[in-house]
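Notes follow once the structure below has been shown.
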Ligand SMILES: O=C(O)CCC(=O)C(=O)O
Ligand SMILES: [Fe+2]
């Protein structure tokens with residue numbers, strides 16, 4: 001006899017943050033009210049200079065700004081040659097939008113999965129050594145696990161989450177404030193100080209042309225990565241990450257932000273975004289269905305790992321019979337995942 005499934009399985013899930021919300025419906029008007037908002041009026045107002053990492057740029061210095069503000073600017077992060085090559089590879093893929101939602105204004109044009117349309121995006125933007133190090137610090141996972149009488153140590157490398165060219169056109173309205181980690185149901189908590197281990201994603205945005213307050217620079221709310229999940233940002237709390245061609249704006253996914261209105265007559269705001277997430281979480285975009293195998297085969301081992309083809313240690317993402325897909329594509333490579341190298345006999 002088959003048992004019919006309950007009508008709405010989501011009702012079985014723990015209510016989490018929902019339990020602190022009061023919903024009401026009056027006629028056509030639906031409202032939601034946070035029942036016990038946490039008292040927090042902290043508001044940081046750094047200037048673009050405060051957000052900019054001084055020369056010589058180091059990962060420590062970027063991390064320090066991210067810990068304080070949730071965002072950081074690095075001048076000349078990628079060379080003009082790389083930024084131009086990315087543009088040449090990706091811009092032919094602009095097409096009329098088929099997507100009708102309003103999370104992005106109608107005037108915003110996008111090219112998605114740029115990491116699969118440009119080897120320069122994959123190798124030079126995503127695999128930039130500074131960015132890789134930053135990702136490892138903020139979203140890499142390293143733990144020990146008991147397996148039988150051994151203790152193994154496994155490292156799950158960050159992976160691509162989504163990669164997009166976003167061109168905000170004249171007339172576009174503000175994109176709503178949001179945190180990018182909503183896709184992973186990350187629950188942000190009030191914190192006095194940044195704590196490592198809770199971040200699920202991190203972004204690097206590169207300007208193809210000058211991003212200004214007028215043409216749609218990303219605006220973000222400094223310090224909001226330390227806010228409780230249910231605190232709502234106000235427009236006056238935002239700062240505009242105005243950057244020049246080749247500059248980078250790094251941002252933690254727990255930080256409130258949004259693209260801005262483009263109030264110019266004829267300027268576009270062209271920015272390439274690379275979002276990375278923990279190696280064990282689901283990527284935002286499914287790049288595997290739209291990309292021919294040959295493209296993956298043409299990439300370096302690091303790009304394949306970062307694109308999410310390799311196993312995330314210890315055993316997440318295997319292929320066929322517990323094989324590491326990276327080894328299938330590049331037999332000479334080692335990811336230490338099919339035979340964990342860090343096994344130590346446990347002494348109890
Ligand atoms: O266009 C921007 O500046 C921000 C885009 C953004 O927030 C997103 O794609 O999640
Ligand atoms: Fe976003």
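In units of 2.2 N^0.38 Å, what is the alpha-carbon radius of gyration of the chain?
Ratio of Cα Rg to 2.2 N^0.38 Å: 1.06.
What nm distance separates the two modelled labels at residue 136 and residue 289, each placed 7 Å from Cα along Cα→Cβ?
Calculated label separation equals 3.4 nm.
Applying 1/(1 + (r/R0)^6) with R0 = 25 Å to the Cβ-Cβ distance of residue 230 and residue 280, what FRET efficiency is obtained, to the nearest 0.05?
E between residue 230 and residue 280, to the nearest 0.05, is 0.40.
When 51, 9 are ordered from fewest to most other Cβ atoms inside 10 Å of their Cβ, what list results?
Fewest to most other Cβ atoms nearby, the residues stand as 9, 51.
Report the convex hull volume per residue for segment 220-301, counting only C-alpha atoms, in Å³.
Normalising the Cα hull of segment 220-301 by residue number yields 190 Å³.
If you take the beta carbon distance between residue 319 and residue 55 as r and set R0 to 35 Å, what does 1/(1 + (r/R0)^6) give as a FRET efficiency, to the nearest 0.05?
E between residue 319 and residue 55, to the nearest 0.05, is 0.20.
Using Cα pairs closer than 8 Å and at least 6 residues apart in sequence, work out the relative contact order for the chain, in percent.
In percent, rounded to a whole number, it is 22.
Treat each spin label as a single point 7 Å out from the Cα along the C-beta direction, and report the residue 7 to residue 81 distance in nm.
A separation of 6.5 nm, rounded to one decimal place.
What list do you get for 285, 38, 139, 62 if you sort them by fewest beta carbons within 10 Å?
With the sparsest Cβ surroundings first, the list reads 38, 285, 62, 139.
I need the calculated FRET efficiency for the pair residue 182 and residue 210, taking r as the beta carbon distance and R₀ as 25 Å, to the nearest 0.05.
FRET efficiency, residue 182 to residue 210: 0.25.
Expressed as a whole number of Å, what is the distance separating the alpha-carbon centroids of segment 316-337 and segment 167-189?
Each part's Cα centre sits 35 Å from the other's.
At q = 0.15, 0.17 Å⁻¹, what is the log10 ratio I(q)/I(0) for segment 176-317, with the Debye formula run over Cα points and no solvent?
Values returned for q = 0.15, 0.17 Å⁻¹ are -0.89, -1.06.
At residue 345 and residue 44, where each label point lies 7 Å from the Cα along Cα→Cβ, what is the point-to-point distance in nanometres?
5.0 nm
Would you please calculate the Kirkwood hydrodynamic radius of segment 1-66 over all C-alpha pairs and express it in Å, rounded to one decimal?
17.9 Å
For 245, 345, 75, what's the fewest-to-most ordering of other Cβ within 10 Å of each Cβ?
Working: 245 17, 345 8, 75 14.
Ranked by crowding around the Cβ, least crowded first: 345, 75, 245.
With no solvent and one point on each alpha carbon, what is the Debye value of log10 I(q)/I(0) for segment 20-107 at q = 0.24 Å⁻¹?
Log-scaled intensity ratios, in q order: -1.11.
Which of these, 231, 320, 42, has the largest mean-square fluctuation under a Gaussian network model of the chain (Cα springs below 10 Å)?
Looking only at 231, 320, 42, the largest GNM fluctuation is found for 320.
Values in this text are rule-based calculations from the coordinates and carry no lab data. The structure presented is a predicted model; accordingly, all values stated were derived computationally and were not measured. Cβ: placed from backbone, ideal geometry, glycine included. Neighbour counts: every protein chain shown.
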